[in-house]
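Some notes on the structure that comes next.
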Amino acid sequence: MQVLCAAGRCWRRLGLGEVGDGARAVLPLAAAVAGLGVVFGGLATAAGLSPVAAAVMSATTFAGSAQFAAVSILGAGGSVLAAAGAAILVNARYVGMGAAVAGSMNGRGWRRVAMAQLVVDESWAIAYLGEGRFSRRRLLGAGSVLYLVHVVSTTAGTVLGRGIRDPLAWGLDGAFAPLFVVLLWPHLSTRGGLGAALSGAAIALALAPVVPPGLAVVGAGAAALLAPTGR
Amino acid sequence: MSPGWAVVLLAGAGTMLLKAAGPLVLAGRASSPRLRNVLARLAPATFGALIAIDTFTSGHALTVDPRVAALALGVVGAWRRVPAVVVLASAVLTVAVLRRLW
């Protein structure tokens, strides 16, 4: 009789099976996700969000990159619509990712909608079985772990952020560009990704002198439509 | 309502709708590859714009300041696959130090 067993086997014994597999597969990524959650909590509170608002954003938007986009625009004095608009542009890819998963889902409408909320880049990749099929159980396992880690680490980050009075003196505004480079990197290997990024940057800089910074970002998102498709 | 809360609620509601759109509206139907392509390119285009704005502008002015060093660290870090938290910490520290010296 084994007292100790590998975590994966215990999950299997508890009948969690594939859900446990998904949760286990995402664990190596959890540290990185937690680190970014702490950074988001810190930057969001430094940009003027209350700790509760920062945590609610992680629980509802649940997509780090879009949250950083909104906070960076808000911190630079951009408008509410520009900040929310940039977040929505960054997240527009979830329409395509959700449509890809849809065929592998079952149950009623509300259940599909709830499952779809667990789709983020990492859980989507872990749930993918190949040939256009997805495991909804692996999505549930991986997505739930990521959700929990994201919200808890954001809350931890807000404690650090509250202690910072002058974000510029701390160099906190220097975090955004390298952060977006790290988030952009995987997109550069996709078809048309590099062209879209370069056109986006060029259009934003051309717009910046004449429109507010947030609007320049949202306007540059249109570069995605104009950029050469690439091969 | 504070601007912060307004952004949180708008971005949250918008994202939830985007995520729900796939399974609800497009369930079982293949969306056009062209549409998917455009949607997939919105993220890199927006990241490119954010990088440019967060590095080279200050309000309406085009500027070159210590944030350029942060961008360079980001590119090297992403290329060499350095953990994101390490990249960000070194970038923040570099900007804070350079700003004292500038």
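The values are calculated or read from the model by the stated rules, or taken from the named source; none is laboratory data. These numbers come from a predicted model, not from an experiment. Positions of Cβ are generated from backbone atoms using ideal geometry, with glycine treated the same way; all protein chains shown enter the neighbour counts. Remember, those area values only see protein heavy atoms, side chains included, never the ligands or the DNA or RNA. Shrake-Rupley method; radii C 1.70, N 1.55, O 1.52, S 1.80 Å.
Side notes on the structure shown:
- Alpha-carbon centroid distance for the pair segment A:145-190 / segment B:38-74, whole angstrom: 15
- Shape call, segment A:155-216: gyration tensor on alpha carbons, a/c limit 1.5: oblate
- Temperature 20 °C, viscosity 1.002 mPa s: under these conditions the Stokes-Einstein estimate for the protein assembly as shown, based on its Kirkwood radius over C-alpha pairs, is 106 µm² per second.
- Percent of Cα pairs in segment A:13-89 per distance bin of 10 Å, from zero to the largest separation: 18, 42, 22, 14, 4, 0.
- Size of the A/B contact, given as accessible area buried on both chains, probe 1.4 Å, in Å²: 6200
- Each 10 Å bin from zero up to the one holding the largest Cα-Cα distance in segment A:1-159 carries the following percent of pairs: 11, 35, 32, 17, 4, 1, 0.
- J(HN,Hα) series, segment B:33-41, from Karplus relation 6.51 cos²θ - 1.76 cosθ + 1.60, nearest Hz, glycine and proline x: x, 5, 5, 4, 4, 5, 4, 5, 7
- Computed on segment A:66-137, the Cα convex hull volume stands at 91 Å³ per residue.
- Cα gyration tensor category, rounded, prolate or oblate, for segment A:110-231 with a/c compared to 1.5: oblate
- Using only the C-alpha atoms, the convex hull of chain B corresponds to 177 Å³ per residue.
- Between A:ALA222 and A:SER189, the C-beta separation translates, for a Förster distance of 25 Å, into a calculated FRET efficiency of about 0.65.
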